[in-house]
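To start, the structure under review is shown below, and the notes come after it.
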Amino acid sequence: MVNKKTDVQWLDDVFAALAHPIRRGMLEQLVEGETPVGVLAGRYRVTAPAITKHLRILEEAGLLSRRREGQTLWCRAEEAPVKHIAEWIAHYRRFWNSRFDALDQYLKTNRKNKK
Amino acid sequence: MPATKTHQLQLVRTFNATPEEVYAAWTSPEAIKVFFKPGNDFTMGRVDMDVRVGGYYTIQMLSKEGKPHTATGMFRDVVPNKKLVYTWNRLDGNDCGGNSAEEGGLKDTLITIEFRPKGSGTEMVFTHDLFPNDTSRDAHNKGWTAILDQFVRYHS
């Protein structure tokens, strides 16, 4: 799902998902481990439909997944958005470091030529 | 996993040259044509630098097959010999995985370069910010980057 969206759209979704204190609170709990939806919802004084809406927004941003086990609906935090960011960082870390190596060479050559 | 904030890349490098020399290299098309070349499989195409606040730049790198890899952006801040701030866009999409042109490429990321004298050389602090727009700054103030950092720790 994440890969089919544009990067910009995907980031917008992640930002929007994280823009609400309840959704941030839910994620903070979920990064500690998979949690039953009842436990997650029990922390907030909002209606069941409101909880469902928050979960759906997190899910659409790729930050959350749900699975049913018997009577229990479990929620967990998803790593895809974080992996995407980490890949971006790794790509540019390599790109810029090799540009800086080349810049170092350029500056050395430039100095020699001046002398 | 990076030790810096999850949403940005910060690199510090020391050069055996004055801040004036390092700054001149970052702003001169002739120098950029030398040090921006990403390996021997590439040649450099057009390089335009209009180094003033609101001015645009274009850096075109050409692959062996003649495929252009173009970086463009606008200067946001220019302090000669001290600081450069500009946006970095890769709209042709020949970027890292997933940023195809159809998908919008990599838009409006922000590069900040600071040049500080260090002994007889220069310490360059280079920051590439993935989420530089207002939305992200707001979100940052609201503490969501802390959550992303938590994610990284949790999954690494």
- Note on the structure: Residue by residue through segment B:32-39, the couplings from Karplus 6.51 cos²θ - 1.76 cosθ + 1.60 with θ = phi - 60°, in Hz, x for Gly and Pro, are 4, 4, 8, 8, 8, 5, x, x
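Given a Förster distance of 22 Å, report the FRET efficiency between B:R76 and B:T14 from their Cβ-Cβ distance, rounded to the nearest 0.05. Walk me through the numbers on the way to the answer.
Numbers: r = 25 Å, r/R0 = 1.14.
So the FRET efficiency works out to roughly 0.30.
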- Sorted by chain and number, the residues with a modelled amide H under 5 Å from that of B:L62, at a separation of 5 or more or across chains, are B:T43, B:M44, B:G45, B:H69
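Students often check this: by mean Cβ neighbours within 10 Å, which of A:94-101, A:53-60 ranks highest, and how do the rest follow?
Details: A:94-101: 15.0, A:53-60: 17.9.
Packing proxy ranking, top to bottom: A:53-60, A:94-101.
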- Message: Take B:D108 and B:S63, extend 7 Å from each Cα along the Cα→Cβ direction, and tell me the distance between the two endpoints in nm.
- Response: 2.8
- Message: Could you derive backbone 3J(HN,Hα) for segment B:114-121 from the dihedral phi with the Karplus parameters 6.51, -1.76 and 1.60 (θ = phi - 60°), listing whole Hz in sequence and x where the residue is Gly or Pro?
- Response: 10, 10, 10, x, 9, x, 8, x
- Message: As an exercise, take the mean of 1/r over every pair of distinct alpha carbons in segment A:37-115, invert it, and state the Kirkwood radius in angstroms.
- Response: 16.9
- In the structure shown, do any of A:K112/B:K82; B:K37/B:K67; B:K33/B:K67 have a Cα-Cα gap over 22 Å, and if so which? A:K112/B:K82
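For A:H91 and A:R76, compute 0.36 nm times the residue count separating them, minus their Cα-Cα distance, and round to one decimal in nm. Present the calculation step by step, with values, prior to reporting the outcome.
Working: separation 15, 0.36 × 15 = 5.40 nm, distance 2.79 nm.
That pair, A:H91 and A:R76, stretches by 2.6 nm at full extension.
Where a number appears in this text, it was derived from the coordinates with a stated rule and is not lab data. Here the structure is a predicted model, which is why all the values come from computation and not from measurement. Note that each Cβ is placed from the backbone with ideal geometry, even for glycine, and that neighbours are counted across all protein chains shown.
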